[in-house]
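Structure first, then comments.
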Amino acid sequence: MRTGSAINGANVTEDIPWLYDINLDDTNWIITSSFMIFTMQTGFGMLESGCVSIKNEVNIMMKNVVDIVLGGLTYWMFGYAFSFGRSSYDNPFISTGDFLIDPDIDDPMKGAIYAAFIFQLSFATTATTIVSGAMAERCNFKAYCIFSFWNTLIYCIPAGWVWGHHGFLKQLGAVDIAGSGPVHLIGGSAATAAAIMLGPRLGRYDNGIAPLPLGSPVNAVMGLFVLWWGWLAFNSGSTYGLSGEKWQYAARAAVMTMISSFGGGAFSILYSLILKNGRIEVLSIINGILGSLVSITAGCFLYRAWESLLIGVIGSFLACITMPMFDKLGIDDPVGASSVHGICGIWGVLAVGIFADNPIPLNTTNGLKGLIHGGGFYLLGIQALTCLCLVTWGMCSCMFLLFVINKMVVIRMEVHHELLGADLTEHHIKHGQVGVSRALSALRPVLDTSSVENIIAVGLNPGHDINLKSLKNMTNKKKYKLSKMLRDITKNRNFGINVARQLFPNKKIEKKRSLTVKRNNLITPISSDAKFPPPIPWLD
């Protein structure tokens, strides 16, 4: 903290936490980065929906929506207060001020407070959504809503340990610039705990541990690109401004982030080519790159280029080799969050203790250096302690929360719901050609399926089916010309501007009709011998 700083042009004489020690340029950078980080929710949603079966893709997207809405609400209510609140009751474990944050209009720090909140909110929603992928395809949606509401507690308390002015890990000298620990390691640990508590998907390991087919590989890869984009703001934005020398390290963070992903991507391609008989496996490439991004996050502007490349390669290696290991243990994680965010999160935090350099003149590391830069083992020891604390908290708190929720609402989806798919049973969205019809046929003798039998499949226009049946009946009875068949099924229907007869009426007919109306004061049918314009082109 400093005394007598200027916040957005106003002179303030009280002590200012680092979180609010920013100027106008810093605030602009922080808010812009926050908006970019928020787009990572789109990336997570696309990636997760692409990794699950088609009959559950809407359900996983809705879980991401719930994470933002309910998780964001609780973060505003108490999450931010537990991480960064200011109160006389603050202690090394938790802070207790600034609940329902809403500074007064005459508060000189209101701009800094709003900027800090929106930035930390973007981190919080990212951390909570990591867990949804590990719970995919067998979690009761109502139970997940309760979990998402309280999942803020799993993130916000350890975030305060590492980043809050009161945090015991911060006071010991722990360094994590952008969240390999508080965001990814906490999310990955909670994901592992959730996967253990839920158990594997029905039939997941009946045919071995080989990965299941992706529901939409294109969606999964598109999700990777969106996350890649958001990660640049995630890491560069964590310089927390551009004033002074911060702008140089913001640029360095962006470059090192990309170099790390180059190393991770290159390794995952080689890994796939060698171990998958020359195939480029989509999920291995995606998670290899994401693993490298998680790994570089904790010390994104503390490394040289070759160090970033090496950190990315090791992160990708850990992600690729540990995914099948979790499957061997019977821990079913459909998106690999336990490996990508959990294992690579540990490596990212430890890498700071090995490779970090002192970013003069910033005090990011409090003057400490990593092992290879002559800093000794102190920083590495603190980073190891941070990993231990975060993993223990993430797994234990998640298991406890799910245990309590399960007493109120069973967290595991019912078996017949899992067979039918959560899109149908939870959201009344029916997909075609994904096994739903077979599941309904098998369950119909023993289960009342009337509520879902007549749901229209996604992407279909039922009116088209009716007209196609009419056309089929015509072709069965008599050989018609296509133009006559199409005119028959469109007879007496309003097609707006495409109805040429209404737009360009025949003048003779209109004159005859006008005379008839005047004579009889009503509209009479037009004679059958009237000549109409040629057929509408699109009907032929």
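The values are calculated or read from the model by the stated rules, or taken from the named source; none is laboratory data. Nothing here was measured: the structure is a model prediction, and the numbers come from that model. Here the Cβ is made from the backbone with ideal geometry for all residues, glycine too, and neighbour counts use every protein chain on show. Heads up: the accessible areas ignore ligands, DNA and RNA and are worked out on the full protein's heavy atoms, side chains in. Shrake-Rupley method; radii C 1.70, N 1.55, O 1.52, S 1.80 Å.
Counting only residues that are assigned to a helix (DSSP H, G or I), touching a residue at least 24 places away in the same chain (Cβ under 8 Å) and open to solvent by 10 Å² or more (accessible area, probe 1.4 Å), which one in the range 52-63 is nearest to R438 (Cα to Cα)?
K55
Pull out all pairs, ordered by first then second residue, where Cβ-Cβ is under 7 Å, the residues are six or more apart or on different chains, the first lies in the range 341-360 and is within 14 Å of T322 (Cβ to Cβ), and the second is open to solvent by 30 Å² or more (accessible area, probe 1.4 Å).
Once the first residue is within 14 Å of T322 (Cβ to Cβ) and sits in the range 341-360, its partners that are open to solvent by 30 Å² or more (accessible area, probe 1.4 Å) give I343/L318; C344/L318; W347/I314; W347/L318.
Quick one: F301 ticks every box in (1) over 20 Å from T239 (Cα atoms); (2) crowded, with 20+ Cβ neighbours inside 10 Å; (3) not β-branched (V, I, T) bar one, so which box is it?
Going through the list (1) over 20 Å from T239 (Cα atoms); (2) crowded, with 20+ Cβ neighbours inside 10 Å; (3) not β-branched (V, I, T), F301 breaks only (1).
Applying the selection to the range 141-159, what residues are farther than 19 Å from H341 by Cα and touching an Asp or Glu at 6+ places or on another chain (Cβ under 8 Å)?
Correct list: F141 only.
Return yes or no: is I346 open to solvent by 50 Å² or more (accessible area, probe 1.4 Å) and not in a loop (DSSP other than H, G, I, E, B)?
yes
If you scan the range 322-334, which residues turn out to be surrounded by fewer than 22 Cβ atoms within 10 Å (Cβ to Cβ) and either under 18 Å from the mean Cα position of the chain (by Cα) or free of Cβ contacts under 8 Å to residues at least 24 places away in the same chain (or both)?
T322, M325, L329, listed by residue number.
Consider A337 carefully, then state whether it is within 30 Å of E57 (Cβ to Cβ), open to solvent by less than 10 Å² (accessible area, probe 1.4 Å) and modelled with pLDDT of 95 or more.
Spelling it out, A337 is indeed within 30 Å of E57 (Cβ to Cβ), open to solvent by less than 10 Å² (accessible area, probe 1.4 Å) and modelled with pLDDT of 95 or more.
Going through the range 64-76 one residue at a time, which ones are in contact with a Leu (Cβ under 8 Å, 6 or more places away or on another chain) and open to solvent by 60 Å² or more (accessible area, probe 1.4 Å)?
The one that is in contact with a Leu (Cβ under 8 Å, 6 or more places away or on another chain) and open to solvent by 60 Å² or more (accessible area, probe 1.4 Å): W76.
Please go through the range 423-453 and pick out each residue that is open to solvent by 100 Å² or more (accessible area, probe 1.4 Å), within 24 Å of G215 (Cα to Cα) and either in contact with a helix residue (DSSP H, G or I) (Cβ under 8 Å, 6 or more places away or on another chain) or not charged (D, E, K, R) (or both).
H428, Q433, listed by residue number.
Please state which one of I146, I101 is open to solvent by 30 Å² or more (accessible area, probe 1.4 Å) and not charged (D, E, K, R).
Step by step, each of I146, I101 is checked, and only I146 is open to solvent by 30 Å² or more (accessible area, probe 1.4 Å) and not charged (D, E, K, R).
Could you grab me the full set of residues in the range 107-152 that are touching a Phe, Trp or Tyr at 6+ places or on another chain (Cβ under 6 Å), aliphatic (A, V, I, L, M) and over 17 Å from F82 (Cβ atoms)?
Passing the criteria: M109, A112.
Does N140 fit the bill of being in contact with a strand residue (DSSP E or B) (Cβ under 8 Å, 6 or more places away or on another chain) and either in contact (Cβ under 8 Å) with a residue 12 or more places away in the chain or open to solvent by less than 10 Å² (accessible area, probe 1.4 Å) (or both)?
So N140 passes the test.
Quick one: L310 ticks every box in (1) open to solvent by 50 Å² or more (accessible area, probe 1.4 Å); (2) in a loop (DSSP other than H, G, I, E, B) except a single one, so which number is it?
It is condition (2) that L310 fails.
Please go through (1) open to solvent by 40 Å² or more (accessible area, probe 1.4 Å); (2) under 27 Å from the mean Cα position of the chain (by Cα) for P92 and return the number of the only condition it doesn't satisfy.
Looking at each condition in turn, P92 falls short on (2).
Of the conditions (1) crowded, with 24+ Cβ neighbours inside 10 Å; (2) not in a helix (DSSP H, G or I), V183 fails just one. Which one is it?
The one condition V183 does not meet is (2).
For the range 390-397, check the following and say yes or no: at least one residue is modelled with pLDDT of 85 or more, surrounded by fewer than 16 Cβ atoms within 10 Å (Cβ to Cβ) and within 30 Å of P182 (Cβ to Cβ).
Yes: one or more hits.
Among the candidates G315, G381, single out the residue that is open to solvent by less than 30 Å² (accessible area, probe 1.4 Å), outside any loop (DSSP other than H, G, I, E, B) and in contact (Cβ under 8 Å) with a residue 24 or more places away in the chain.
G315
Pairs under 6 Å by beta carbon, first residue assigned to a loop (DSSP other than H, G, I, E, B) and among the hydrophobic types (A, V, I, L, M, F, W, C) in the range 85-111, partner open to solvent by less than 70 Å² (accessible area, probe 1.4 Å) and at pLDDT below 90, six or more apart or different chains?
Listed pairs, sorted by first residue: M109/I7.
Being in contact with a Phe, Trp or Tyr (Cβ under 9 Å, 6 or more places away or on another chain) and either farther than 27 Å from G187 by Cβ or of a type in the set (G, A, S) (or both) is the filter here; which residues of the range 399-424 pass it?
Matches in the range 399-424: A422 only.
Has the range 403-411 got any residue that is buried (at least 19 other Cβ atoms within 10 Å of the Cβ), in a helix (DSSP H, G or I) and at pLDDT 95 or above?
yes
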